[in-house]
Structure formats: structure tokens, C-alpha cells
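Structure, as C-alpha cells:
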Amino acid sequence: MPELPEVETIVNDLKKTILGKKIVSFESGFKKAIKGGNPADFKKNIIGKKIIGVERIGKNIVINLNSGMTILVHLKMTGQLVVKHGTQNVEPDSKNLKPRTQNLSPTEKHLHHCFILNKGLCFYDIRKFGTLSLIETSQLKDKFSKLGTDPLSKEFSLEKLKGLLKKAPNKPVKALLMEQGLISGIGNIYASEILFDAKIDPRKKSSSLKNKEVEKLLESIKKILKKAILMRGTSVSDYRDASGKKGSFQDVLKVYKKDGQKCPTCDTIIEKSIIGQRSTFFCPKCQK
């Protein structure tokens, strides 16, 4: 599933390509993905509207329109939001939406939604878990009121992190990092990499962390997430940026999915454990 760095990368790309563009049409080959209303109303309410803002909230892509409405996109596990040229002509009645263009990728059979601008904003999704919805922009705050603090925000300070750790004292620190109601945007890949960088055992209870460990954890959270954004995300599976290209952070992963291999720091064999029903990767020597 795309995590904070992947979604941030896509949002940054979209800011450069679709801001100020008018949605002249919208076609969908999988209307079940359009949540919270009638798909016909979704289309009717976005046609002719101008895109005035693109932002990230947690793992959500937020596209603000000049009508006071906002399109919410969640990529879930395998979604891709890609800007393409030449997508003005669409076959809206086909089972699988297929723009008539010469610039298609091998995954074109997984194209399910297309916003027609002067470019096409195409939503691919192999597993079909991704969603689209339309809400009033004024409702955004309420919509995400239960979402935790963004780890790249100014609000995410040392004192804030200490307070979050106290809210779930018996939760393993790995599970806490992935708890979206406490910290928004961090998923399985980055939780493992952050804890390796911080030299903290992912199985440790949140309440057991000492002050220096919390300080290092905060530093590692910001360091790893920012580095992943600079490297345009992690493409270990289906993630692609808004131009359809892979990220490169997978080339510098230290422990994620490296179980059975040597630790890059000490040569100890990396282990795998299940925490919160998710696979967790760590070095038993480096991470205490």
C-alpha cells in the first residue's frame, strides 16, 4: 500500500501538472469504487470544475475544486494515479476503461477511472480496492478528525511523540507507528526502516522507551520519511509516481523483506516477526 512518501510524491507531481486545469469529462469502468453517493452525481458535480488545489492528508490525495467541493482519492493497496497525454478520447462503455492513445503501459487493462483534462488523470488499480469520493471542502476537517498527527508537520514535536507513546503504553512501538489514529501516514515499510535507523526493537512496549530512544525515534521518523520522498517512494510492488515511474527507495532498504539476509551494519541475520498481524523485519543485535 502506498504510504506517506508515495502519496506525497504523487501530490507534488500533481501540483505541477493539473493545478488550474478544468475537468472536461470523467469516465469510470468500475463504479463501485466511487463511494458516498451516486456515481452519476459524482461525474455531474465535477464536470466543468477547475482544480485549484492538491494536498495530502495522511495517505489520502485531496483534489480541491473551485466549486467548493473536494475529490478524495485513496489508492489502498495497488492504486496508481498517473497523468497521461492523449486521453481525450475514451471508450466509456467498455468493461475495462481504455483511453485511445499510443502511450499506454502494460497495466492498461487495470485502468478503471479517467479524469479528462487537457491531459488525462488515470486511476489504475489491480486489486480494485482504491476509492474515489466527493465531499464539500468545508467538511474536510470533520472527515479526518480521527486521523492522527502528520509526522512531517510542525505539530509533530518531541513532546507530541512522548504524549502519543503514553496513549498506548502497552502497544509494541512498531504497532504504534502504524496506528493511523495516532500517527498518520506510516505503514509497514517505513515503520520497519524507521525502527532500524533508530536502533529500537519493534517488539518493545511504547512505555519502555527511554528519553534518548524517543529523541532518536523522532529523528529517524523525519529522516526516513524525508529521504523516501527525495527518492520518490518505494516500488517493491505496484507503486508508481504520477508519471508512471518507479520510486528508488527500495534500493536502500535496510531490513524490510530482508529476513534471512545479513544486517548491513553487523552481519547478523535479519529476523521476521508478526506484530499487529503485519510482518516486521529487524536486526536482533542492532535493535535493542
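The values are calculated or read from the model by the stated rules, or taken from the named source; none is laboratory data. The shown structure was predicted, so the numbers you read here are calculated from the model rather than taken from an experiment. As a convention, Cβ positions derive from the backbone with ideal geometry for all residues, glycine included, and neighbour counts pool all protein chains shown. To get the accessible areas, we keep the full protein, side chains included, count just its heavy atoms, and leave off ligands, DNA and RNA. Shrake-Rupley method; radii C 1.70, N 1.55, O 1.52, S 1.80 Å.
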Exercise for review: Give me the percent of the accessible area of region 203-278 that comes from carbon and sulfur atoms, probe 1.4 Å, all protein chains in place.
Suggested key: 45 percent
Exercise for review: Run the 1.4 Å probe and let me know the accessible area of T137, rounded to the nearest 10 Å².
Suggested key: 50 Å²
Review point. Amide H to amide H, which residues 5 or more places from I269 or on other chains are under 5 Å from it, using H placed in the peptide plane?
Key: C263
Point to revise | Spin-label model distance (nm) - L230 vs N66, 7 Å beyond Cα toward Cβ | key: 3.8 nm
Point to revise | Relative counts (whole %) of C-alpha pair distances in region 143-288, using bins that are 10 Å wide | key: 12, 42, 36, 10, 1
Study note, to complete from the structure: Along region 254-261, Karplus-curve 3J(HN,Hα) (6.51, -1.76, 1.60; θ = phi - 60°) to the nearest Hz, with x for Gly and Pro, reads 9, 10, 4, 6, 10, 4, x, 9
Review point. Normalized C-alpha radius of gyration of the chain, against 2.2 N^0.38 Å?
Key: 1.07
Check your understanding: For the chain, with every protein chain kept in place, what is the accessible area per residue (1.4 Å probe, Å²)?
Key -> 48 Å²
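Students sometimes get this wrong: rank H113, H74 by accessible area, probe 1.4 Å, all chains present, largest first. Show your work: numbers first, answer last.
Details: H113 5, H74 35 Å².
Sorted descending by solvent-accessible area, the residues read H74, H113.
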Practice item. List, in order, the whole-Hz ³J(HN,Hα) value for each residue of region 51-56 obtained from phi through the Karplus relation with A = 6.51, B = -1.76, C = 1.60 and θ = phi - 60°; use x for Gly and Pro. Key: 7, 10, x, 9, 8, 10
Review point. Over the chain, what is the relative contact order in whole percent, taking alpha-carbon pairs under 8 Å and six or more residues apart?
Key: 19 percent
**Study point:** Environment charge at K22 (Cβ cut-off 14 Å; Lys +1, Arg +1, Asp -1, Glu -1)
**Key:** +4
Exercise for review: Please find, in a Gaussian network model of the chain (springs between Cα atoms separated by less than 10 Å), the residue of E136, E55, E193 whose mean-square fluctuation is greatest.
Suggested key: E136
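Per residue of the chain, what 222 nm ellipticity follows from adding -39500 (n - 2.57) for every DSSP H run with n ≥ 4, rounded to the nearest 500?
On the way: 7 runs with 72 residues, N = 288.
Estimated from H runs of four or more residues: -7500 deg cm²/dmol.
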Point to revise | Under the Karplus curve 6.51 cos²θ - 1.76 cosθ + 1.60, θ = phi - 60°, whole-Hz ³J(HN,Hα) for region 14-27, x wherever Gly or Pro sits | key: 5, 4, 8, 10, 10, 4, x, 7, 9, 7, 8, 6, 8, 10
Exercise for review: Count the net charge of all other residues whose Cβ sits under 12 Å from the Cβ of P39, scoring Lys and Arg as +1 and Asp and Glu as -1.
Suggested key: +3
Review point. For region 24-86, what's the relative contact order in percent, using C-alpha pairs closer than 8 Å and at least 6 residues apart?
Key: 20 percent
Study note, to complete from the structure: Comparing Q277, Q80, Q250 in a Gaussian network model of the chain (Cα, 10 Å), the one with the largest mean-square fluctuation is Q277
